[in-house]
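Structure record follows, encoded as structure tokens.
What follows draws every value from the coordinates through simple rules; no lab data is involved. What you see is a predicted model, and the numbers here were worked out from it, not measured in a lab. Neighbour counts run over all protein chains shown; Cβ positions are idealised from the backbone, glycine included.
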Amino acid sequence: SSRDASLRVQAGRRQPHHPLGKMDSSFLETVVSDEEQAPMIDTSSSRQRLKQVRKVFAGGIFVSAAVLFVVAALITGRAPAQAENKSSQAVELEAVEKGCHTAVKGEHCWVDVDWAINIGLPQHADWYSEPCPHLKHDSSFEEFQACVFRINQTSCPPPCNPAGVEDPMQAPATTTTPKPAASKPAVQHTDPCHIAQQGEQCYISVIEAMLSKKSFPGLPKDPTFEDFQAALHEDPDSSDCPRPCACHVATAGSTCFKQVKYAMDKGIKKQPELYHGLTTDSSLEEVQARLHKDGKGNCTLPCSSVEPASVSEDDLAQAKRAHKQEKVEDKNSETKEEKTEHQTKKAEKKIEKEMEKAEKKHDPHAPTCHTAVKGDKCYEDVVYGIQKGIYEHPGWYPGLTASSSFEDFQKILAKNPDLDCHEPCPCHTAVSGESCFDNINWVLSTGISKHPSWYHGLTTHSRMEEVQSRLHEDTNTTCERPCTPKIWGTPNLFCFAVFRSEGYELGLVQAQLEKRVGIFACDEYAVLSDKTLAVAGGIQTLMIPPCEAVGVSKDGTAANTLVFMQAWQVIKNDGRYHNHDWIIKADPDAVVLVDRLRTKLSPHTGKNIYMKNCMKWTGIGWPMMFGSLEAFTREAMDTYFAGAEKCKTVLQWHAWGEDLFMGQCLKLLGTGHEFDGQLIGDNVCKGANCADGMAASYHPFKSVDSWFKCFNQATR
């Protein structure tokens, strides 16, 4: 349950390069089931003595640095960690006596503050937004140290304030210590680029500007289509046009020109399946754009073929008709997709294999790669390998796993002469930590909402590969051509689990990941922990920022709400949840059956709801959502993220488990709920019978053997 993932801060130990001033690395601690009492320490006498040593500062009550060392000794039963050298120990003692000390180079605190300045805030601003809302990139060294002190008093003492500031918990007014030089810049998001195309509002605006011969500041004497678009982008009275991309039309003699000419003269006729979306009537620019998008050959993004001098009213009328037709087709995307698939299959029948091989052999400008698309026979073979073959005949796919990309599977199949599969084109889908990944998330979270006309065909729910494909046009985003998106189920699920880095849970998660079962059978998944860990198969944990100690809730279980507030923020920042119909939070010891889960959730997809799953008792407050498996629609999560601060302010949540908090928060924000008593089989609720053939999850099974025994019973 959610109470089965309590997170506890243990003061005293340091972890290098921790995002909030190197707090303790073991703040994710014990797991407590709903039926179990959260592990407690005898702090009654400690609390009595603590009352005697509290000090009152201006503006509020704060625990002094001296008391923190005493508390560490009282709670942990041992003295604080010894300083590494006499000088740093002396500084700590001086800080205790004076109540403040501004860190200097060579001290632990200085390293922590340096990290917060150059890496912590630039890369993880949300981690600092609540404890230090006024902290900025140009804040003083003392302001950063004060923030680190607020977050983790065992890392730094409060800084000594410059003249005029009396409260060490208040941000200093002036700087007395120079900030260290930045070691890593913050991610910068430039305006996205895109050359307007037929069917888009910007395209119409550019044509209108050309016809009116409107004068714009800085417009060259003989402006191009892109010059007009750039002028409209800068025009404060226009909001339709994004920044045009740098472009270049292939010229005679260049490699790209030869590849384009081959496609126009021979390739499209002889191998139409390699030139998806093109016809023999396609222009040079259209062919070049396709070769650039697909990664076939050496072509850059071409400029528009529209010449300002030759634009007419007929062109404007045609642009408006195309824009109107595009809207109609967007509403009927399935029909358009079926039509395209039919056309592709019809074209595929005309392919002559021997002629294709001869063309490849004798013409150096023939494409050397082609990634299969829906309608290709190869596409069907790849999908079989991904969905069934890798499980039923793993030996057919050497070196691959269920998480391998579409292109990885096609590359194996291309080696089989009996199959009609080409070598796939190079690709790379952005992953967390890369600049492209950050830009994709920016487009989904901010760009589309702020400038919807700039992202024709994209929505805030578009898949990351779709956005990356668009950003691939702009070299400034560092986005390569994305790999083929994975095929998802219906409804599609984003699942995650929170686990501690020490204890039985890591082994449990690794065993599930190895077999691709539990949450790892969802369409996408994440695992969160107190450390960045390599779990298995290239999967790494997302790290939860440090937070306060977890206590005991009013019902005797873990009061872990603050921890999961941080966890949900990590999920929001990760961004992938936004592409999915449902977001599932499951405990590591919950046996999740994804196929059953899809069936139970399907009727409620698209609603702004969460699922209640336990009717242990009747009366006020029941049914409830038990935390061993929590299910939220994307709409519900959007509601939560928009109103989380209200819940933190209005609700008395500090003594609650996270599942109770989420239920009450969503109720406060107007989100509805549905009840399904067969969503979980939980010993904390009404029992777990793994052989009942009904529940979508069973809990708790804390060992690998017991977990897989239940899984095998449930899937027979």
Label points 7 Å out from Cα along the Cβ direction at ASP265 and ALA655: separation in nm? 8.4 nm
Please report the orientation-averaged projected area of segment 594-716, defined via the convex hull of its C-alpha atoms, in nm². 8.4 nm²
Restricting attention to segment 384-456, which trypsin sites (Lys or Arg not before Pro) occupy a DSSP loop and are surrounded by at most 15 other Cβ atoms within 10 Å? LYS415
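Taking every pair of alpha-carbon atoms in segment 487-541, give the share separated by more than 15 Å as a whole percent. Mind dumping the intermediate values first?
Numbers: 641 of 1485 pairs.
The share of Cα pairs beyond 15 Å in segment 487-541 comes to 43 percent.
Determine, for each peptide in 647-654, 225-232, 139-146, the mean count of other beta carbons within 10 angstrom over its residues, then list the peptides with the highest first. Kindly include the intermediate steps, with their values, before the conclusion.
Numbers: 647-654: 13.9, 225-232: 22.4, 139-146: 24.9.
With the highest mean Cβ count within 10 Å placed first, the list reads 139-146, 225-232, 647-654.
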Along each of its three principal axes, how wide is the spread of alpha-carbon positions in segment 286-329, in whole angstrom units, largest first? 36, 31, 10
Looking at segment 395-494, I'd like the Rg to Rh ratio, where Rg is from alpha-carbon atoms and Rh is Kirkwood's inverse mean 1/r. 1.04
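Is the C-alpha gyration tensor of segment 495-653 telling us rounded, prolate or oblate? Criteria: a/c under 1.5 is rounded; beyond that, a/b larger than b/c is prolate, otherwise oblate. Could you put the intermediate results ahead of the total?
Numbers: a/c = 1.38, a/b = 1.14, b/c = 1.21.
Verdict is rounded for segment 495-653.
Exceeding 31 Å between C-alpha atoms, which entries from my cross-link table qualify? They are LYS269/LYS415; LYS213/LYS266; LYS612/LYS702; LYS377/LYS515. Mind showing how you got there, number by number?
Values: LYS269/LYS415 25 Å; LYS213/LYS266 40 Å; LYS612/LYS702 24 Å; LYS377/LYS515 29 Å.
Exceeds cut-off: LYS213/LYS266.
Mind ordering 462-471, 534-543 by average Cβ neighbours within 10 Å, highest first? Before the final figure, lay out the partial values.
Numbers: 462-471: 21.9, 534-543: 15.6.
Taking the mean over residues of other Cβ atoms within 10 Å, the ranking is 462-471, 534-543.
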Rotationally averaged projected area of segment 204-257 (alpha carbon convex hull; nm²): 4.8 nm²
So for each of 585-593, 241-249 I average, over its residues, the number of other beta carbons within 10 Å; can you give me the resulting order with the highest mean first? 585-593, 241-249
